[in-house]
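The next block holds one structure in the form of structure tokens; read it before the comments.
The values are calculated or read from the model by the stated rules, or taken from the named source; none is laboratory data. Since we're looking at a predicted model, the values are computed, not measured. A quick note on method: Cβ atoms are made from the backbone with ideal geometry, for glycine too, and the neighbour counts reach across all protein chains shown.
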Amino acid sequence: MSLFRSFTCFLRSFALLASTLTLAFLFAFFSSTPHSSTSSSMAVRSFVLWLHGLGDSGPANEPIRTFFSSPEFKNARWSFPSAPQKPVTCNYGAVMPSWFDIYEIPVTAESPKNEKDVLKAVENVHAMIDKEVAAGISPENIFVCGFSQGGALTLASVLLYPKTLGGGAVFSGWVPFNSSIIERISPEAKKTPILWSHGMDDQTVQFAAGQAGPPFLEQAGMTCEFKAYPNLGHSISAEELKSLESWIKNHLKSSS
């Protein structure tokens, strides 16, 4: 019993430490990065939804938006929701912020899938997207991005959304369902651009799990831009975020 409690405490502490270090890194980097001037004439009304990883929170990830200093993001609306508190199987039932249950860590290309739980989480993400569309934002200017578990949910959400979105960006994520889900992907969803970034030294969501993404998407009749980052473990680098900024800028649609 004492060993279990110690291990659970370690897992919780590790999740908290990871969030703290990520936040500190983002602030440190941004403090040395000059602000760009903005021009409302160049801005495109858009929405960026960021989905955090297991054990993290939305507010802890909010500094990410400070990397997006280009004029095109002046009028962008951002959302950093927090996952609900749930028991997580891979962490021995410990309760923590989690979009859906995960059966094992490290996550491999062969890890068992919890499709039922993932699909419930997808419904919640779709509700967030629908709210922005109802507010007047074009689906083609809506970008869903996520890290780790949030990256897996990002992939599931954009593939199962009935309309073409601006894009889905997966960071250190994996394919959270089996190939049978492909028949549920609409022709419009297949047009949504996908950016997939993964650290080659990732020991939490193994690099091979990320590499399984492009073949899965190819089977679904889609393509993605896959970027491998040497010497990067299970984290997000400044290089990845600046690449994301450029990628979103290239996929923004002009206001009508």
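Which residues, counting only those in region 220-232, are of a type outside the set (Ser, Thr, Tyr) and either in a loop (DSSP other than H, G, I, E, B) or buried (at least 18 other Cβ atoms within 10 Å of the Cβ) (or both)?
Kept after step one, since they are of a type outside the set (Ser, Thr, Tyr), are these residues of region 220-232: 220-222, 224-228, 230-232.
Hits for region 220-232 are Ala220, Gly221, Met222, Cys224, Pro230, Asn231, Leu232.
Kindly list the number of the only condition in (1) assigned to a loop (DSSP other than H, G, I, E, B); (2) surrounded by fewer than 20 Cβ atoms within 10 Å (Cβ to Cβ); (3) touching a residue at least 40 places away in the same chain (Cβ under 8 Å) that fails for Ser235.
Against the list (1) assigned to a loop (DSSP other than H, G, I, E, B); (2) surrounded by fewer than 20 Cβ atoms within 10 Å (Cβ to Cβ); (3) touching a residue at least 40 places away in the same chain (Cβ under 8 Å), Ser235 comes up short only on (2).
If I ask for residues that are over 14 Å from Ala152 (Cα atoms) and not hydroxyl-bearing (Ser, Thr, Tyr), which ones from region 88-103 would you list?
Of everything in region 88-103, those that are over 14 Å from Ala152 (Cα atoms) and not hydroxyl-bearing (Ser, Thr, Tyr) turn out to be Val88, Cys90, Asn91, Gly93, Ala94, Val95, Met96, Pro97.
What residue, among those in region 175-191 that are among the β-branched types (Val, Ile, Thr) and not in a helix (DSSP H, G or I), is nearest to Pro162 (Cα to Cα)? Show your work before the answer.
First pass over region 175-191, keeping only residues among the β-branched types (Val, Ile, Thr): 175, 181-182, 185.
Still in the list and also not in a helix (DSSP H, G or I): 175, 185.
Working: Val175: 19, Ile185: 8 Å.
The qualifying residue nearest to Pro162 (Cα to Cα) is Ile185.
Count, please, the residues in region 192-219 that happen to be loosely packed, with under 13 Cβ neighbours inside 10 Å, in a helix (DSSP H, G or I) and in contact (Cβ under 8 Å) with a residue 12 or more places away in the chain.
Count: 1.
Just one of (1) assigned to a loop (DSSP other than H, G, I, E, B); (2) at pLDDT 95 or above; (3) farther than 25 Å from Ser69 by Cβ trips up Ser256, so point out which.
(2)
Find all pairs meeting these conditions: Cβ atoms under 7 angstrom apart; at least six residues apart or on different chains; first residue within region 86-112 and at positive phi; second residue not basic (Lys, Arg).
Tyr92/Phe4; Tyr92/Phe7; Tyr92/Thr8; Gly93/Pro87
Go through region 173-191 residue by residue and tally those that are without any contact (Cβ under 8 Å) to a residue 40 or more places away in the chain and either hydroxyl-bearing (Ser, Thr, Tyr) or crowded, with 17+ Cβ neighbours inside 10 Å (or both).
The first filter runs over region 173-191 and keeps only residues without any contact (Cβ under 8 Å) to a residue 40 or more places away in the chain, leaving 180, 182-191.
Still in the list and also either hydroxyl-bearing (Ser, Thr, Tyr) or crowded, with 17+ Cβ neighbours inside 10 Å (or both): 180, 185-186, 189.
Of the residues in that region, 4 qualify.
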